[in-house]
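Below is one structure; the comments refer to it alone.
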Amino acid sequence: MRPFTTETLEKTLTEKLMLNFSKTPDEATDQEMMKACALVLRDVMAIRGVETRKKTNREQRKRVHYLSMEFLMGRSLMKNAYNLDVLPQLKEALSNLGFKAGDIFEMEPDAALGNGGLGRLAACYLDSMATLDIPATGYSICYDLGLFKQKIVEGEQVELPDHWKDLGMSWLVPKPEEAQEVRFGGTLREFWDNGRLHTVNENATTVLAVPCDMKIPGFGTDHVNTLRLWEPRATSPMDMSLFSRGEYLKAAEEEAMAESISKVLYPDDSHEEGKSLRLKQQYFFVSATMQSITTKHMAMYGTMKNFHEKNVIQINDTHPALVIPELMRILIDDTGMNWDDAWAITTQSVAYTNHTVLAEALERWPQKLMEQRLPRIWQIIKEISARWQKKVDEYYHDPGKTQYMAIVWDGQVRMANLCLAGSMAVNGVSALHTDILRNDVFRDACQMEPWKFKNVTNGIDHRRWLSEINPGLDSLIRDLAGGDEYLSDAMALQKLDSYAGDKSVLDRLGEIKRQNKEAFALHAKKTRGVILDPNSIFDVQVKRLHEYKRQLLNVLHIIALYQRLQDDPNAITQPHTFLFGAKAAPGYVVAKRIIRLINSLEDQIAHDPICKDKLQVVFLENYRVSLAEVLMPASEVSQQISTAGKEASGTGNMKFMMNGALTVGTLDGANVEMNQVLGEENMFLFGLHADEVQQLKREGYVPQRLYTQNETLRRCVDALRTGFRDGVTYEDLYQRLLFGSGGSAADEYLLLADFASYCQAEQDMAAAYMDRERWNRMSLHNIARSGIFAADRSVKEYADNIWHVSHR
Ligand code: 26W
C-alpha cells in the first residue's frame, strides 16, 4: 500500500520541518529538507518494521542474520522512496514546496561503509531479502568515517576523511535499551560446580555496544527489515569517582579506547592486515550480534536447543568468523550446554561465503594476539582446532593434509579453515570460483565433506541498478516487456530478445544511450570540469585498483593506440574515450603508481593535438556508488579484464550488462556465465583461460620473451620507462613487468601474455561499434539476458539451498 499521496506527503514534510527545525518550507535549506524527507520515510518504515517483526514472531519463522564487516549502502532517499512506491509523489511534493528533487537527492552523502564488491553485494542482498519477505537482519559496525574520499592532486591519490554521519545519521535510530556488553582481555578462572567445569573471564575490559538501526524496505511488499550497526561506548561514560579523584584523564582514555573501535573502516580489500584494531572490530561486532540474537531467541523460545531451526548466521567472507567460537561460548558458558551439543547447533547454524582466492587476502591472526585479547575465545578455538585436526588425520592419515587444513598452525589462526570446520555450507560466488574452491583452494576439505560446498552466483539489485538509475531504459522495457513485471521478475527482461529485428526499437535503444551519455558528460563537466565527447565510445573500467584486475593492461593498450596515432594521424576513425575510476588501498604502493600513470597518460593525450576528437582518457575522481549510478547508464564498453581465475565473480560486470554496455573481458568470475547466456557473438572475449594461466605458471612464464618478440608490446612497455610530458617516468612499473619486484614475480598477472589477444578484442569491438544497428542489437541482447544476474535470484538460491527459509 502506498503510504502517501503527493498532498499528504507535502503536509507531512511541512510538519516535519516545523517540528525538527522550526522552519517553514520557504525557510528550510536543502539539507534540512533532505533530513525531513529521511525522517518522514523513516517513520513509515518504523511502523511497517513493527508489523513485520510481530508477524515473524507470530508465525515463528526462521530468521536470517547476515554478518558483514562492510555494507556499501550508497544513498537511501531515492531508493527508499522507490521501494515505498512514493518516488513520483516525493518529487512532486518537493517541487510544490519549492525544492528541486534532484538537488535534495544530491545532498545525501553516500553511506560508504565498505570497500568494493563484497560490501556492495551485502547492500544489494538486503534489498532482495526484504523484497522476498525473508525475515533478515544485517549486522555491521557503525563506522564514524566511511571509506576515504579520493582527491587527485597532481596526478596522485590523496585520501580525505569521509564524515558521512553528519547527514547520513538521519536514517539511523539508536536503541540504547538493546545494548550489549563485549569483553576484551582479562584472565580466565576455572572451577568445578555440580560436576561441571565452569570458566569465567575476570578483569576483562568491557565495551558497550549500542545498536543503531537502519530500516530496509522491500519492493512491492510491506515487509521491512533492519540493518543493525553497532556503536561502541565506554561502559561507564566518564566515571565520576575518577573525576573527583582527579583521574579524569584515565576516564577519558577509556572512553577514547572504546570509541576507537568504530573510528574507521579498513580501506584494504586485498591484503590481510593482521592489526589488533581490526581483530577488536571483528570481535566487537560479532559478540554484540551473537548476544543480541541469542537473547531474543531465548526470550521467544526459552531454550537454545532449537536455535539452528529458527536462525541461520550467514557470514560474508571470514571477517565475522569469530561467530563460530562466540556461539560456542554462549551455548557452553551462558546456557550450560555440553561441547557436543553446542557444536552440533553451531555447525547447523553458520554458513560461510568465500569472496576471494588471493592468498594474501586470506585472514590469519597471530595466536598471541588472540590469546591476549580474547582468552576464552582462544581457548575454544584451540579445542575446535584439536578436534578438527583429529578428524582430518583419521580421514587422510597424511601429515601434509593435516598441516594444510589446520586451524591453528605455526603460531597462527587461519580463519578460512575455522570456517570450513564450523559451517554447514561453504559457497563460492560464481560457477568458476566455486570450481576453484572445490578443486583447488579447499580441495581437501571438499573431498572430506563434499555436501557442504555450494555455488551461488552473485547478483545485483536490478531495481536500483537499472530501473531507478536509468529511467529511459526503464520506460523502454515497460513498453516492450509487459509493464513493470520485470521489477519483481527480472527474467521478464528476456522478452526484449524478440525485438532484435525491430529497427525502431534498436534506434530507440541507441537514442536512450545517447541521452545518458550526454547527461554524464554534463555531470563530468559540472563536477570535474572535463569535456567529454558524446560521439566517442564510452569505454569504462571502474572498480578497486588492484594488479589482478589489470587496469595496467588497459593502459598499455591505450598507449599502443596513442603510438599508432603518432605514426599515422588517421589510424583512428572512431573517437574513443577511456574512462577510469578506482580507489587504491592507501598502503598499496603499486596501485597508487598505476593511478599516477593513468593521470599522466590523461594529461599527455589531452595536450597532444593529434588526439583531438579521436582519443581521450579521463580518470574519474572518487569512484563510489553514487558516481556509478550516473556512469552505468552512459557506458558502452565494460572492461572486465582480470587474470582468469582471480576475480571471484565481479558484480560491476552485471551492472554494465543490465544497462546495455558490451563486455570486453576474460573468461573469469561471472563473465563465464555471462558468456553462457550471451554466446561469443554478444561479447568480446580474449585471453588465457583459468587452466591455461595455471599451466603457463607451472611451465615457467617468461614475459621478457614476449617483450622481445612483439614490437608493439615492446614500444608500449618502453613508454613506461620514458614517461610522459609531465616529467614522471614509470621505471618501477617497467621493472615489475619484466623482472618482478618487491617479492613478486615478473608480470605476476600475465599482462604481456594477454596483450596481443586484448588488442585484437578491442579492435573487434571498435569495428562492431561502427555498425550502429549491430551494436544496438548486441546491446539489446545483453539487457534481455541479464535477468539471471538479479540479486533476487541469488537470494532465492541462498534461501532454498542454504538457509532453508521460506520466501515470496
Ligand atoms: C582482510 C582484507 C580483505 C577485505 C576484503 C580481504 C578481502 C576482502 C574482500 C573479500 C574483497 C572483495 O570485495 N571481494 C569481491 O567480492 C565480490 C562479491 O562477491 C566479488 O564479486 C569480487 O569478485 C571479489 O573480488
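Observations on the model:
- Just one of the listed residues (ALA299, ALA288) is more than 14 Å from the ligand (Cβ to nearest atom), among the hydrophobic types (A, V, I, L, M, F, W, C) and either open to solvent by less than 40 Å² (accessible area, probe 1.4 Å) or not in a helix (DSSP H, G or I) (or both), namely ALA288.
- Residues that are open to solvent by 10 Å² or more (accessible area, probe 1.4 Å) and either more than 11 Å from ASP726 (Cα to Cα) or not assigned by TED's automatic domain parsing to the domain that holds ALA521 (or both), drawn from the stretch 597-614: ALA606, ASP608, PRO609, ILE610, LYS612, ASP613, LYS614
- Of all residue pairs spaced 6 or more apart or on separate chains, none has beta-carbon atoms under 7 Å together with a first member in the stretch 417-442 that is open to solvent by less than 10 Å² (accessible area, probe 1.4 Å) and away from the ligand (no atom under 14 Å from the Cβ) and a second member that is at pLDDT below 95 and not hydroxyl-bearing (Ser, Thr, Tyr).
- The set of residues from the stretch 469-502 being open to solvent by 30 Å² or more (accessible area, probe 1.4 Å) and charged (D, E, K, R) comprises ARG478, ASP479, ASP484, GLU485, ASP489, LYS495, ASP497, ASP502.
- In summary, VAL505 fulfils each of the numbered conditions (1) under 24 Å from ALA761 (Cβ atoms); (2) buried (at least 16 other Cβ atoms within 10 Å of the Cβ) with the single exception of condition (1).
- Scanning the stretch 243-273 for residues that are touching a strand residue (DSSP E or B) at 6+ places or on another chain (Cβ under 7 Å), within 11 Å of the ligand (Cβ to nearest atom) and of a type outside the set (D, E, K, R) yields a count of 1.
- Residue check for LEU358: of a type in the set (A, V, I, L, M) and buried (at least 21 other Cβ atoms within 10 Å of the Cβ): no
- The lone exception for PRO109 - which of (1) over 20 Å from the mean Cα position of the chain (by Cα); (2) in a loop (DSSP other than H, G, I, E, B) it fails: (1)
- Screening VAL540 with (1) closer than 30 Å to GLU748 by Cα; (2) open to solvent by 10 Å² or more (accessible area, probe 1.4 Å); (3) aliphatic (A, V, I, L, M) gives one miss only, at (2).
- Tally, over the stretch 244-276, of residues that are in contact with a Lys or Arg (Cβ under 9 Å, 6 or more places away or on another chain), open to solvent by 50 Å² or more (accessible area, probe 1.4 Å) and in a helix (DSSP H, G or I): 1
- Boolean, GLU636 is at pLDDT 95 or above and within 14 Å of the ligand (Cβ to nearest atom): no
- Residue within the stretch 705-714 that is touching a residue at least 60 places away in the same chain (Cβ under 8 Å) and out of contact with any Asp or Glu (no Cβ under 6 Å at 6 or more places or on another chain) present: yes
- Candidate set from the stretch 369-415 (those that are in contact (Cβ under 8 Å) with a residue 60 or more places away in the chain and open to solvent by 60 Å² or more (accessible area, probe 1.4 Å)); member that is farthest from LEU322 (Cα to Cα): GLN372
- Here LEU126 fits the description: over 18 Å from CYS37 (Cα atoms), at pLDDT 95 or above and open to solvent by less than 10 Å² (accessible area, probe 1.4 Å).
- Flag if ALA591 is within 27 Å of LEU476 (Cα to Cα) and within 16 Å of the ligand (Cβ to nearest atom): no
- Failed item, numbered, when ASN458 is tested on (1) in contact (Cβ under 8 Å) with a residue 24 or more places away in the chain; (2) within 16 Å of the ligand (Cβ to nearest atom); (3) surrounded by fewer than 23 Cβ atoms within 10 Å (Cβ to Cβ): (3)
- With a requirement of 2 or more residues that are closer than 30 Å to LEU322 by Cβ and open to solvent by less than 50 Å² (accessible area, probe 1.4 Å), the helices (runs of 4 or more DSSP H) lying completely within the stretch 1-102 that satisfy it span 30-58.
- Hits in the stretch 199-212 (condition: closer than 18 Å to ALA136 by Cβ and surrounded by fewer than 23 Cβ atoms within 10 Å (Cβ to Cβ)): CYS212
- Residue match in the stretch 622-631 (condition: part of a loop (DSSP other than H, G, I, E, B), out of contact with any Pro (no Cβ under 6 Å at 6 or more places or on another chain), within 13 Å of the ligand (Cβ to nearest atom) and under 23 Å from GLY146 (Cβ atoms)): no
- Yes/no for LYS525 being under 29 Å from the mean Cα position of the chain (by Cα) and loosely packed, with under 15 Cβ neighbours inside 10 Å: yes
- Number of the exception - ALA321 against (1) open to solvent by 30 Å² or more (accessible area, probe 1.4 Å); (2) among the small types (Gly, Ala, Ser); (3) within 16 Å of the ligand (Cβ to nearest atom): (1)
- Every test in (1) touching a Pro at 6+ places or on another chain (Cβ under 8 Å); (2) in the same structural domain as THR356 (by TED's automatic domain parsing) is passed by GLY98 save one, and that test is (2).
- Exactly one residue among ILE104, ILE152, ILE134 is farther than 21 Å from PHE619 by Cα and either assigned by TED's automatic domain parsing to the domain that holds MET290 or within 16 Å of the ligand (Cβ to nearest atom) (or both), and that residue is ILE134.
- Options ARG196, ARG183, ARG189: the member that is without any contact (Cβ under 8 Å) to a residue 24 or more places away in the chain and either surrounded by fewer than 22 Cβ atoms within 10 Å (Cβ to Cβ) or not assigned by TED's automatic domain parsing to the domain that holds LEU327 (or both): ARG189
- Residue check for ALA209: outside any loop (DSSP other than H, G, I, E, B), away from the ligand (no atom under 16 Å from the Cβ) and under 21 Å from PRO174 (Cα atoms): yes
- Of all residues in the stretch 794-806, those satisfying the criterion of being over 8 Å from LYS62 (Cβ atoms) and either modelled with pLDDT under 95 or surrounded by 19 or more Cβ atoms within 10 Å (Cβ to Cβ) (or both) are SER794, VAL795, TYR798, ALA799, ILE802.
- The set of residues in the stretch 342-355 that are within 16 Å of the ligand (Cβ to nearest atom) and either open to solvent by 50 Å² or more (accessible area, probe 1.4 Å) or outside any strand (DSSP E or B) (or both) comprises ASN354, HIS355.
The values are calculated or read from the model by the stated rules, or taken from the named source; none is laboratory data. Bear in mind that the values here come from a model prediction, so they are computed numbers and not experimental data. For neighbour counting, all protein chains shown are included, and Cβ atoms are generated from backbone atoms with ideal geometry for every residue, glycine included. Calculation scope for accessible area: heavy atoms of the full protein, side chains included, ligands and nucleic acids excluded. Shrake-Rupley method; radii C 1.70, N 1.55, O 1.52, S 1.80 Å.
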